[in-house]
Amino acid sequence: MIKLGGIMALMRLVLILVLIIVAALSMSSYAQDWYVAINSSQVSVVVSPTNSTYILNVIGEARCCVYAEVYELTYQPLINELASLAQRGGVEVYVVLSGNVYGGGVPEEEYSAVNELISSGVHVSFNYGYDYVHSKVFVIDNETVIIGSINPTYYGFERDLALTL
């Protein structure tokens, strides 16, 4: 079991690495055409399972749109949140899922999630063009980006140790 002090040290290390990468990109003339300057107060580190509910909270506050590309989506609280956003109106929700999870197509347990999302008004599609897309990216209101290694599954949110920014 990881102690809280260890998690905090890991979170500081990740934040420092993000700031170093952003600084390195800003030195390139090419990067100046597309990057957005950020400061440390704009970056939150999410460590599952410690504070992975932060992802649900941010998505739940969406005002106009949520775009997601994830490898696999079976975490019911997240499915409920996305479906609720689409049902209440005014928030467009788009989800792209991998069509080749673990090399075997779409997992059987994901079909019920997909049906629930579609019946709620979520736009769902599958990426069959690449064998090994393992993304976990959410864009909320074209302002907030959540990207990292937390899988939107029960184990990803509740059991596994993973990081997301």
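Below is a table of values for the structure above.
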{"item": "Helices (runs of 4 or more DSSP H) completely within the range 1-99 that count 2 or more residues being in the same structural domain as T153 (by TED's automatic domain parsing) and modelled with pLDDT of 90 or more", "result": "53-60, 76-88"}
{"item": "Residue match in the range 121-137 (condition: under 16 Å from Y54 (Cβ atoms) and either in contact (Cβ under 8 Å) with a residue 40 or more places away in the chain or surrounded by fewer than 17 Cβ atoms within 10 Å (Cβ to Cβ) (or both))", "result": "yes"}
{"item": "Top-ranked residue in the range 94-120 [being in contact (Cβ under 8 Å) with a residue 12 or more places away in the chain and aliphatic (A, V, I, L, M); ranked as nearest to C65 (Cα to Cα)]", "result": "V95"}
{"item": "Test: residue in the range 141-164 that is more than 14 Å from the chain's Cα centre (by Cα), hydrophobic (A, V, I, L, M, F, W, C) and more than 29 Å from L10 (Cα to Cα)", "result": "no"}
{"item": "Flag for E69 being in contact with a Ser or Thr (Cβ under 6 Å, 6 or more places away or on another chain) and within 20 Å of D160 (Cβ to Cβ)", "result": "yes"}
{"item": "Flag if G60 is closer than 29 Å to Q42 by Cβ and touching a helix residue (DSSP H, G or I) at 6+ places or on another chain (Cβ under 8 Å)", "result": "yes"}
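Rundown of residues vs (1) in the same structural domain as V70 (by TED's automatic domain parsing); (2) assigned to a loop (DSSP other than H, G, I, E, B); (3) of a type in the set (A, V, I, L, M, F, W, C), yes/no style:
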site	(1), (2), (3)
A113	yes, no, yes
E116	yes, no, no
Y132	yes, yes, no
V137	yes, no, yes
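The values are calculated or read from the model by the stated rules, or taken from the named source; none is laboratory data. Bear in mind that the values here come from a model prediction, so they are computed numbers and not experimental data. Neighbour counts are summed over all protein chains in view; Cβ atoms, including those assigned to glycine, are modelled from backbone coordinates with ideal geometry.
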